[in-house]
Amino acid sequence: MLSGSSHLERDLGLGSLERVELMARLENAFGVRISDQAATQANTSDDLADAILEAPERVPEATQASPLRACATVQQLRRKAEAAGVATAETLIDVLRYRAAHDAERAHLVITEDAAEGQEKNLTLTFGELHAAAQRCAEELSRRGVSAGSRVALMLPTSRAFFVSYAGILLAGAIPVPIYPPFRADRIEEYAERQSAILNNAGVCLLLTFRRAESVAKLLKPRVHSLASVADAEKLIEAADKAPEPSPGARPLHLSGVRARRGSDIALLQYTSGSTGDPKGVVLTHANLLANIRAVGEAVKMGSDDVGVSWLPLYHDMGLIGAWLTLL
């Protein structure tokens, strides 16, 4: 249950961007101005209460009595929170949460997927839908024994399941490891050998795949000592959607034992294809990814009204980072 000692990040899941929004609302609700030092040092609900009581500057009574001026103050505080935006995000998790809070109804992804009889269908996913589905996925991963810091491999084509799974792994405090799906039936043995080298090196505990590749994925299990299970990502997401809602006030399951993520935490293990030698891995932190993304966005002068089109696979760094995460 939540109490005055509940930790803002560990128990409530409030990252740096949510704190900015919360402080703005508290300043408006109580007619005070909370110092930056008090805002950054507050770790619990009780700390927030103390910061409000000790706030030295109060909004003049005349301002509080005027509906027009009060409205203007609310707008100023809201702009202050919005100005922080994703520019101050320390992690991709902060970005996902910010988009869900401020752009929930906006379309984020239009995914073209194969349908029956060789046809294609377009699936639209909003920022809010992505975050909500990812949260449910994180809960399901926790129920299946995925703990903070665990490695989870993604052997998936471009699909809703990939986006939701990747975001869900991050929200669960785990580390995603994308690998490419099998393409040729006559090279399955070679494929299994190469991918098992990656999975062993990463120490993955769970492999998420799709129905047509599930039998191939199971060939990898005996070769990877750390691999506890193989699961169909779409079935896992369906199970997450059907799970009962937590009781009011209960702490989300996936936050149990998960400390707040920092920029120095690992956000991705990226491996080479291994076509010219053994696959080699690169550790990418949240700070690494955000620095690269911001540099690209600045160089091409990307804005929130722009639209990106990509056919690059998401197990490829240009497809994952350049096409999806940069647009996020």
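The values are calculated or read from the model by the stated rules, or taken from the named source; none is laboratory data. These numbers come from a predicted model, not from an experiment. Neighbour counts are summed over all protein chains in view; Cβ atoms, including those assigned to glycine, are modelled from backbone coordinates with ideal geometry. Just the protein is used for accessible areas: all its heavy atoms, side chains included, with ligands, DNA and RNA removed. Shrake-Rupley method; radii C 1.70, N 1.55, O 1.52, S 1.80 Å.
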Can you tell me how many residues within the range 84-94 are modelled with pLDDT of 90 or more and in a helix (DSSP H, G or I)? 3
Starting from residues that are closer than 27 Å to P181 by Cα and hydroxyl-bearing (S, T, Y), keep the ones in the range 277-313 and report whichever is farthest from the chain's Cα centre (by Cα). S310
Among R78, R97, the single one that is at pLDDT below 95, under 19 Å from L327 (Cβ atoms) and part of a helix (DSSP H, G or I) is R97
Just one of E238, E234 is open to solvent by 40 Å² or more (accessible area, probe 1.4 Å) and in contact with a helix residue (DSSP H, G or I) (Cβ under 6 Å, 6 or more places away or on another chain); which is it? E234
Give me a count of the residues in the range 142-171 that are in contact (Cβ under 8 Å) with a residue 40 or more places away in the chain, within 21 Å of N201 (Cβ to Cβ) and of a type in the set (A, V, I, L, M, F, W, C). 8
Hey, could you check the range 212-232 for residues that are of a type in the set (A, V, I, L, M, F, W, C) and in contact with a Ser or Thr (Cβ under 6 Å, 6 or more places away or on another chain) and say which is farthest from L154 (Cα to Cα)? V224
Checked S150, S196, S215, S165 against criteria (hydroxyl-bearing (S, T, Y), over 24 Å from the mean Cα position of the chain (by Cα) and under 17 Å from Q270 (Cα atoms)); the one match is S196
Selection over the range 129-148 where residues are open to solvent by less than 20 Å² (accessible area, probe 1.4 Å), closer than 22 Å to R99 by Cα and either among the aliphatic types (A, V, I, L, M) or in contact with a Lys or Arg (Cβ under 6 Å, 6 or more places away or on another chain) (or both) yields a count of 4
Go through the residues of the range 48-58 one by one and say whether even a single one is under 30 Å from the mean Cα position of the chain (by Cα), open to solvent by 30 Å² or more (accessible area, probe 1.4 Å) and modelled with pLDDT under 90. yes
Would you mind listing the strands (runs of 3 or more DSSP E) fully within the range 136-226 where at least 3 residues are farther than 23 Å from D114 by Cβ and either of a type in the set (A, V, I, L, M, F, W, C) or at pLDDT below 95 (or both)? 204-209
